[in-house]
Amino acid sequence: FLPDFSKAMSQAGTSQFQEVIRQELEYSMKVELDKILATASSKDLEHTKKDLEGFKKLFHRFLQEKGPSVDWGKIQRPPEDSIQPYEKIKARGLPDNIASVLNKLVVVKLNGGLGTSMGCKGPKSLIGVRNENTFLDLTVQQIEHLNKSYNTDVPLVLMNSFNTDDDTKKILQKYSHSRVKIYTFNQSRYPRINKETLLPIAKDVSYSGENTECWYPPGHGDIYASFYNSGLLDNLIAEGKEYIFVSNIDNLGATVDLYILNHLMNPPNGKRCEFVMEVTNKTRADVKGGTLTQYENKLRLVEIAQVPKAHVDEFKSVSKFKIFNTNNLWIALSAIKRLQEKNAIDMEIIVNPKTLDGGLNVIQLETAVGAAIKSFENSLGINVPRSRFLPVKTTSDLLLVMSNLYSLNAGSLTMSEKREFPTVPLVKLGSSFTKVQDYLRRFESIPDMLELDHLTVSGDVTFGKNVSLKGTVIIIANHGDRIDIPAGALLENKIVSGNLRILDH
């Protein structure tokens, strides 16, 4: 009798018990956050309060939600017309008054990230990518070119984080004479949580010295609240701006597209989209990217972290989910304002576990900007060419964009006409190339890669001047060996291993 009785009791009691624990955790969190807030100076009080309020809401939702937030059985392929081919949008052409359409646009770049994964200190946007130009230089050049060509006033807005704000502001003085108005706002600063106790590890508001590890920027989904809170959203609406084009600052393919903008401003059916997501076809390299699905009659972005373990392989399949999100988004400013005021933007929580230098396990609660698509009316996906997705996450990506595969014109990179196939070669540089300064030291000049399909380099390898790489090239220096590819060498379908014997592939 007893085991069954206690089992029934425990089942009835579990949910109540969990509720009690949840309330206790929320209360403890509130106490800790109040203590932190009490250490803020009068000038920091207001925005610290806003940050901690936002964090509290996120933490409350985190405690309510259980497991992956999608029910796999409800996921459907999006209806045909909900993802339009770019060719169809482009075929409509452009109106004569394209300048008046452009004047309604604001370009927003997500500039919260540091260059640490590429071994650089400071904001990632200040890494040199091409002829001494940084990501930020290229962005400013692109918009300046637009403004000059069409005699328009498209501003650039940078969403910085507390990690990138100071360095970015210092560098902005260099553009004071360019024909681009540049605004910045900061995303929120949230406290990291101890994985065991679920309490913040910060004891006060400071984030310098040993406290830098206590805080984090909560992902780009934070753009809606922080843009609104900064007052900049209202100012831009007052100036007559209607849409923002948002993208990652390290996506060199994310230039302003006039055809998409025209489609937004002059929709063929008269009904404007509030949210457009640019998607592109998956290749083997993109199987982890978030994909657009139909879910409860709404377009919805599903990320790999939300997929139940049993369905991960299905999610990665290129045949079932053919497209992924490029994070190039076009969003109506009035819609952001409306939804933000109603507190109606719903984004799934991404739980990001980290281990700090001292070995402490923490979690960061984050959200992704594209996940809000389901909160907007009349959303649309546009399947764009792969050239609009050119992210530079690693030095392998950097090698591609520095090479003769691309030509640079007014801040925009375009694939060279001399390349016979439109696809980008697959490049894998080993750990000796991870840091930008090591990578630069290993290439006396960037090789000719116009006819390259695949390059793998591993170990202690250096390249002399004017090397040409064609077809599939694999270079592997064994541990303790070193391979120097001589100046002027042509490697076509070669495997180079161990001690610089060059074999046919």
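The values are calculated or read from the model by the stated rules, or taken from the named source; none is laboratory data. None of these values were measured; they are calculated from a predicted model. Backbone-built Cβ (ideal geometry, glycine too); neighbour counts: all protein chains shown. With ligands, DNA and RNA removed, areas are computed over all heavy atoms of the protein, side chains included. Shrake-Rupley method; radii C 1.70, N 1.55, O 1.52, S 1.80 Å.
Things to note:
- Solvent-accessible surface (1.4 Å probe) assigned to LEU156 amounts to roughly 0 Å².
- Per residue, in Å², the accessible surface of the chain once ligands and nucleic acids are set aside, probe 1.4 Å: 48
- Among the listed pairs LYS104/LYS337; LYS170/LYS203; LYS74/LYS309; LYS43/LYS121, a Cα-Cα separation exceeding 23 Å is found for LYS170/LYS203; LYS43/LYS121.
- What the Cβ-Cβ distance of SER412 and GLN76 gives, at R0 = 45 Å and to the nearest 0.05, is a FRET efficiency of 0.75.
- GLN294/SER42 FRET efficiency (R0 51 Å; Cβ-Cβ; nearest 0.05): 0.55
- Accessible surface of the range 72-388 [probe 1.4 Å, protein heavy atoms]: carbon and sulfur percent: 48
- Counted over the chain, the DSSP beta bridges are approximately 45% antiparallel.
- Share of carbon and sulfur in the accessible heavy-atom surface of the range 395-497 [1.4 Å probe, %]: 48
- Here ARG386 sits with roughly 90 square angstrom of accessible surface, probe radius 1.4 Å.
- Surface accessible to a 1.4 Å probe, CYS214 within the full protein complex, Å²: 10
- Projected-area average for the range 72-388 over all orientations - Cα convex hull basis, square nanometres: 18.0
- Peptides 352-365, 390-403, 246-259 ordered by average Cβ neighbours within 10 Å, highest first: 246-259, 390-403, 352-365
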